[in-house]
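The values are calculated or read from the model by the stated rules, or taken from the named source; none is laboratory data. Nothing here was measured: the structure is a model prediction, and the numbers come from that model. We place every Cβ from the backbone using ideal geometry, glycine too, and count neighbours over all the protein chains shown. All accessible areas refer to the heavy atoms of the entire protein, side chains included, with ligands and DNA or RNA removed. Shrake-Rupley method; radii C 1.70, N 1.55, O 1.52, S 1.80 Å.
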Amino acid sequence: MSHQSELIAEDIHAYLKQHEDKQLLRLLTCGSVDDGKSTLIGRLLHDSKMIYEDQLEALEKDSKTSGTTGEDIDLALLVDGLQAEREQGITIDVAYRYFSTTRRKFIIADTPGHEQYTRNMVTGASNCELAIILIDARQGVQVQTCRHTYLVSLLGIKHLVVAINKMDLVDYSEETFNQIREDYLKFTDGLNVPEVHFVPLSALKGDNVVTPSEAMSWYSGQPLMELLESVDTREDTSHQPLRFPVQYVNRPHLNFRGYCGTLASGEVKPGDSITALPSGKTSRVQSIVTYEGELERAYAPMAVTLTLEDEIDISRGDLLVRTGEEPRILERFEAELVWMAEEPLVPGKTYLLKLGPNQVNAQVTALHYKTQVNTLERQPTASLELNEIARVEIQLEKPLAADAYAELPNTGSFILVDRFNQATAAAGMVQTAGQDAASRVANQQPVTAEERAARLGQKAVKIELSGDDARLRREVLQQLERLLFDRGRLPLLLTDEELSQELARQQPALEQLLLSKGLLLLTASASDQPGLQAQISGLETPLKLEADNAAQAIFNQLRDSGAI
């Protein structure tokens, strides 16, 4: 850090001014497990002289006990700080590191590569402007590479650097580099990734990380650090519609009422006509107040206080927009959902949706399809498991103002929270703001049995429970119905008491009709034999049951046979 230490010693104010004026770049590293993400960050810090002497001494000591590079310093230990990470040699949590060069400031997020930590990767990527996708030159494009690339495009990160690492282990082969480049571009052909740079490097050896590599003279591009310093991530946001979510109403005395918040997009000036949503009341901006004084203009992402010419009802969660640029007020919308909870998504269950400062109860009313990230294939689905991604339809308890995520990410992104344990269940991005399901072009093809089975997550199966105790039969079927329903399946309990005489006479035909629609049909019949047994369609022999765990035993059999 000698290049900054001299300036600090000579003129601290000049150093602070220089540091303040540098552009900040937020970036993340991601890719498949063991691609070398943590080592790359460590190499960037080491070769750019951003490691203090005491840190280097501690690193040398830790490398002897927890390192994976033999006698060499294990630079990955700079960011793999958790004990579990060092023991396994992997990244689990998202590690943030700050460093700067003479040209730029950086905040870099080291995200895990294991599939079960994909939700951590989404967290790390949510505020980034650039992504570094690492690929092991020996392995090529992997499933996690595809998953992370898809997520990066889904989150709207426009700048992508593909770092093909461990080139030293393939003898710095240009042919290997070109083949991986070709494979990667083939996968991203249908994705929204407008700018992709490819850099061959060795994080362990330092080739093409900060300085050009003599071993790869065939590569004429910039080293990674030079590329990060020069890539232009600035966007002109002044043309975007004004979005000002109110976070706090400042009322210190009777003569002042200000609305505090951070501009999500656009700009605002005194005299601008604004509309408060969802009320629709209008006024004009009187002043823009900050700690340093009033401003003539504010723009995203500045945190300011606005005062208005009129006294209108505005509270936390309201959205101030320029009149004539109002977003849609949504009660129902489609979204891309990344499921982040261990428990699967239950359609119809009420979750807490948080969008900016707003909180509202919401339900996922339909799952249109889930995306198979390694092929980008869209598949019908009945539920979502951990790390799966799907296009869903969400119904809100009360209207909210929101934009499509692709247009304005700050007012088009949300999370779903489990109301019981307060855990984040999903991250979502508004896709079709204000488009009702009925307005979509209908698919004229009839629904097939395969499509119905994929959507419901079940096969059409009849379970007939027999025994000599009518009350016990009914209790077991009700328990089974609850088990199936709580896991997102669609069972139908058909009892004699609920059928009219006419329907009872036609029960066999009715059962066939219901089975043809893909339902799990639960029925009961009397038997002179003591105990319980279940006849499941598709199984030759009845399933003998114990009364205390009969419902669970039938459920396990359905699961093991692939019926659910």
For the table Lys158/Lys205; Lys166/Lys186; Lys186/Lys517, the rows whose alpha-carbon distance is greater than 31 Å are Lys186/Lys517
Can you give the extra length, in nm with one decimal, that the chain gains between Thr495 and Thr290 once fully stretched, where that is 0.36 nm per residue apart less the Cα-Cα distance?
66.9 nm
With every protein chain in place, the accessible area of Glu311 for a 1.4 Å probe, in Å² rounded to the nearest 10, comes to 140 Å²
Ratio Rg/Rh, restricted to segment 146-231 and using Cα atoms, in which Rh is the Kirkwood radius:
0.97
How many angstrom lie between the Cα centre of segment 536-552 and the Cα centre of segment 355-411?
38 Å
Filtered trypsin sites (Lys or Arg not before Pro), segment 234-328: DSSP coil and at most 16 other beta carbons within 10 Å
Arg234, Arg297, Arg316
I'd like the Kirkwood hydrodynamic radius of segment 328-433, using the inverse of the mean 1/r over distinct C-alpha pairs, in Å.
13.6 Å
Within segment 298-392, report the chymotrypsin sites (Phe, Trp or Tyr not before Pro) that DSSP leaves as loop and that have at most 13 other Cβ atoms within 10 Å.
none
Mind ranking 159-171, 549-561 by how tightly packed they are, going by the mean number of other C-beta atoms within 10 angstrom, highest first?
159-171, 549-561
Among bridges DSSP assigns within segment 452-561, what percent are antiparallel (round to 5)?
45 percent
Ordering of 470-480, 206-216 by packing [mean C-beta count within 10 Å, highest first]
206-216, 470-480
Would you mind calculating the gained length between Glu546 and Gln139 on full extension (0.36 nm times residue separation, minus the Cα-Cα distance), in nm to one decimal?
141.4 nm
Cα-projected label distance for Leu386 with Thr262, points at 7 Å along beta-carbon direction, nm:
3.0 nm
Sketch the reach of a paramagnetic label on Lys269 as a point 7 Å from Cα along Cα-to-Cβ, and name the residues of segment 275-299 whose backbone nitrogen lies under 17 Å away.
284-289, 294-299
Out of every Cα pair in segment 372-423, what percent are spaced more than 15 Å from each other?
66 percent
Burial-style ranking of 486-494, 454-462, 144-152, average other-beta-carbon count within 10 Å with highest first, yields 144-152, 454-462, 486-494
